[in-house]
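Note sheet for the following structure.
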Amino acid sequence: MKTGISWLDVRLGLRMLVKHPGLTLVGGLGMAVAIAISAGSFAFFHSHLYPRIPLDEGDRIVALENWDMEVNNEERHTLHDFVVWREEMRTVRDMGAFRTVGRNLIRGDGAPELVQVAEMTAAGFRLSRVPPLLGRPLVEEDDRPGSPPVLVIGHDVWRTRFAADPGVVGRQLRLGAVVHTVVGVMPEGFAFPLSHGFWTPLRPDPSAHPRGEGPEIFVFGRLAPGATLEEAQAELATIGRRTTAAFPETHARLQPRVWPYTHAMIDIQGISLVEVGMMQLMASLLLLVVAVNVAILVYARTATRRGEIAVRSALGASRRRVVAQLFVEALLLSGGAAVVGIGLAQLGLRQGNLIMEQEMGVPFWTDYGLRSATVLYTVGLAFAAAVLVGVLPALKATGRGLQADLRRLGGGTGITLGKVWTVLIVAQVAVAVAALPAAVNMGWEQIRRAITRPSFAAEEFLVAGLGMEAEGGEGAPRFGDRLGELMRRLEEEPAVAGVTFQTALRGRSGPLEVEGVPAPAETPAGHPALSVGVDPGYFGVLGARVLTGRDFRPADGGDGAVAVVVNRAFVRKVLDGESAVGRRVRFAAPEPDDDARPGRAEPLPADAGRWYEVVGVVEDLQANPMDPELVPAALYYPVAPARTRAATLQVRLRASTPAAFAPKLRELAVAVDPTLRLGTVRTLADLNRQERIATRLIALVLGLVLLSVFLLSAAGVYALMSSTVTQRRREIGIRTALGAHPGQVLRTVFSRAAGQIALGLLVGVAAAAGLEAATGGGLMGGRGGVLLPAFAAAMAAVGLLAALGPARRGLRIQPTEALRADG
């Protein structure tokens, strides 16, 4: 007889899957969810950390940056360092730099739009080794200060904005306040360095900025022929030590590093390979747990097939042949689960990439398709699961007791499940009780927070970030003037019901000190509260009622003003319901603004440590119908437009379709100043919906995991009970013949199974309670007293419900049938 796998094995395997639909559905669903999570995490990390960069020798392109060891983050004010690295490094060639800036694309034949432009040194085109479709790329001459402003455009820009005009080279295009001459068009698909379609020269001039200041830039290059990443890192470290010795005030805590290019570009380089491996291992362990659970089910089902296996062995089938047949059955199950799982993983990845698109755009190397590495990994998962599910039970079924089963074909044969079964059932129940409450708490927290909504008519508002191209100290008053003018023009529009803005002033964030109210023990620095700078007319535009005290006045937004307004949640959470008007508050720990430089002591703002007076209490601007306590305590301080450098503009419209006003809003902004950068314009309701995408994804994953765990737990208990009935069929018949009461029979037969479930519940509750105590209630959010009993009761109920079918079948056993079958 053949010992290999044949088409007959496949047919028999398919027949067994159809014959046992419960096992097929439950086991297949559990493995599909586990494979989806494991393969999805593998695909995400592999595609983002180790993608195939579609450029010549793309795997040798690297990124260079300074790493701030004190805050464990990158420091990109590296203009001076870039010039030194470019001159001195020998292991990295074609070194260049870029930064992404927003510019208003202004054309006479259409509405202005904000586009992302790569200001890049000419080395970027040399490194990419991609020739332009038309004209020329940027060249070294373009990088020199004083050179004419030139522009290279991408294929999509050429096609959509210039109708693929072959004579586009030499045309002029206005970006912000500067008119550029188009000198080249790049071919389709080219978007280096990230996801760009416009390129202008980056003209690095270290003399224009103190060391450690200037624009934030990304530095890139290509490893020299024969050079390795480790050699480049060693050379850069040597240069870094010399720089630190020469400039300790700016570089004492900086460590220069060389990364694979994509690590730095997507800003996840802080994750080490060991951490990635651990996260992937944890995701893969879920499949191991599920596969073991399915193996339990198959193990129990195989007990009912010992007679069949014994007959096949007597007819000449080798042990290897029988094991191969059972392996094929398991492989068909895990293979089908892998197909479903990889489909679920693709859906999850698309949702994850959608979130990334909204946050940072899609890198040009992003591949939404199934990569060969992901497919191979999934095949490996399916094969490993099949070995666990099929081979291990098969080896047990074809062991030393096979000949005894052949002699007792008519009797109550079956595998003696023994200690291994007990350990598996106890572990399964314990893990479910210990792990699921924490997972549910995390998902529940996400869901509860996600239903927090604006308490005003969010669908009537257009929102967009607003800034300016100008950098430096002169940008603040200039921006404030332009913001005030834009608001004035918007208020003159018939469709506009009101205009306001939010912003943040340096030094007004972090915990709050409240005079006469001690800080809570868990946050000794001060009371946690959301601090928001707003236009003095903010509450009127939103239609928010001032409950006590007064609203802001125009004079409150000037220098030296001390008026603040708090919301009702602040009164409830911080003041314990006591009167707020007249209270004094101040910011406990003024934080340096985003322009703080490493190694430099930033002066505190002029109003640091100032006490502010609460002049009013406004109704909550957010509502959470599930838990009002999730509405944050908020403090609002007034800011006049002249004091802002950037703001989030909010325009309330009378029209029923606010999105239709977006082009007009952009036109007005450009008319005020072509360097005003208005970000993505969307309704506030749309913004809230997009923010909930990640929450829905988390809830879906947790829901699938919970469902699969409960189904597998129920199936495991069911298999235990069914196997018990099969093995003790003769005993049940004899006890019934001797007049034993049905309840007594059930207690005797199923006491072991009940003991295993009870032991699993005890171990799981003890483990979860210990972890909850060790984390100070962080594991289950302080809800352990509710979640643990609830899940213990749920698992016990699952066990009882799963036992009903086998129990009823056991009571229907007739004594004469049991004795005849065993005789």
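The values are calculated or read from the model by the stated rules, or taken from the named source; none is laboratory data. Predicted model, so just to flag it, every value in this text is computed and none were measured. Ideal geometry is used to build each Cβ from the backbone, glycine not excepted, and the neighbour counts take in all protein chains shown. Calculation scope for accessible area: heavy atoms of the full protein, side chains included, ligands and nucleic acids excluded. Shrake-Rupley method; radii C 1.70, N 1.55, O 1.52, S 1.80 Å.
State whether the residues of the range 115-134 include one that is part of a strand (DSSP E or B), out of contact with any Pro (no Cβ under 8 Å at 6 or more places or on another chain), under 20 Å from Ala63 (Cα atoms) and at pLDDT 90 or above.
Checking the range 115-134: at least one residue is part of a strand (DSSP E or B), out of contact with any Pro (no Cβ under 8 Å at 6 or more places or on another chain), under 20 Å from Ala63 (Cα atoms) and at pLDDT 90 or above.
Specify which of the listed residues (Leu462, Leu466) is in contact (Cβ under 8 Å) with a residue 24 or more places away in the chain, out of contact with any helix residue (DSSP H, G or I) (no Cβ under 6 Å at 6 or more places or on another chain) and open to solvent by less than 40 Å² (accessible area, probe 1.4 Å).
Step by step, each of Leu462, Leu466 is checked, and only Leu466 is in contact (Cβ under 8 Å) with a residue 24 or more places away in the chain, out of contact with any helix residue (DSSP H, G or I) (no Cβ under 6 Å at 6 or more places or on another chain) and open to solvent by less than 40 Å² (accessible area, probe 1.4 Å).
If only one of Gly770, Gly739, Gly810 is more than 17 Å from Val440 (Cβ to Cβ), modelled with pLDDT of 70 or more and either in a loop (DSSP other than H, G, I, E, B) or over 48 Å from the mean Cα position of the chain (by Cα) (or both), which one is it?
Among Gly770, Gly739, Gly810, only Gly739 is more than 17 Å from Val440 (Cβ to Cβ), modelled with pLDDT of 70 or more and either in a loop (DSSP other than H, G, I, E, B) or over 48 Å from the mean Cα position of the chain (by Cα) (or both).
Among the residues of the range 154-171, how many are touching a helix residue (DSSP H, G or I) at 6+ places or on another chain (Cβ under 8 Å) and of a type in the set (Val, Ile, Thr)?
Summing the residues that are touching a helix residue (DSSP H, G or I) at 6+ places or on another chain (Cβ under 8 Å) and of a type in the set (Val, Ile, Thr) in the range 154-171 gives 1.
If a residue must be at pLDDT 90 or above, over 12 Å from Val565 (Cβ atoms) and of a type in the set (A, V, I, L, M), how many such residues does the range 516-543 contain?
Qualifying residue count for the region: 5.
Out of the residues in the range 66-112 that are of a type in the set (Asp, Glu) and within 20 Å of Phe125 (Cα to Cα), state the one that is surrounded by the most Cβ atoms within 10 Å (Cβ to Cβ).
Ranking the candidates gives Asp94 first.
Taking the options Leu436, Leu347, Leu406, Leu370, name whichever one is open to solvent by 40 Å² or more (accessible area, probe 1.4 Å), at pLDDT 65 or above and part of a helix (DSSP H, G or I).
Leu347
When the range 113-137 is examined, which residues are found to be open to solvent by 40 Å² or more (accessible area, probe 1.4 Å) and within 30 Å of Glu667 (Cβ to Cβ)?
Glu113, Leu114, Gln116, listed by residue number.
Would you say Ala623 is small (Gly, Ala, Ser), over 30 Å from Glu74 (Cβ atoms) and modelled with pLDDT of 50 or more?
yes
Mind listing just one residue for me: the one in the range 648-670 that is among the polar types (S, T, N, Q) and open to solvent by 20 Å² or more (accessible area, probe 1.4 Å) and, of those, modelled with the highest pLDDT?
Out of the qualifying residues, it is Thr648.
Taking the range 540-562 as the search range and keeping residues that are small (Gly, Ala, Ser) and more than 39 Å from the chain's Cα centre (by Cα), which one is most open to solvent (accessible area, probe 1.4 Å)?
Ala555
Could you tell me which of the residues Leu64, Leu55, Leu14, Leu105 is in contact (Cβ under 8 Å) with a residue 40 or more places away in the chain and in a helix (DSSP H, G or I)?
Among Leu64, Leu55, Leu14, Leu105, only Leu14 is in contact (Cβ under 8 Å) with a residue 40 or more places away in the chain and in a helix (DSSP H, G or I).
Which fully enclosed helices (runs of 4 or more DSSP H) of the range 180-293 have 2 or more residues being open to solvent by less than 50 Å² (accessible area, probe 1.4 Å) and at pLDDT below 90?
261-265
Is it the case, given these coordinates, that Trp444 is within 38 Å of the chain's Cα centre (by Cα), in a helix (DSSP H, G or I) and at pLDDT below 65?
no
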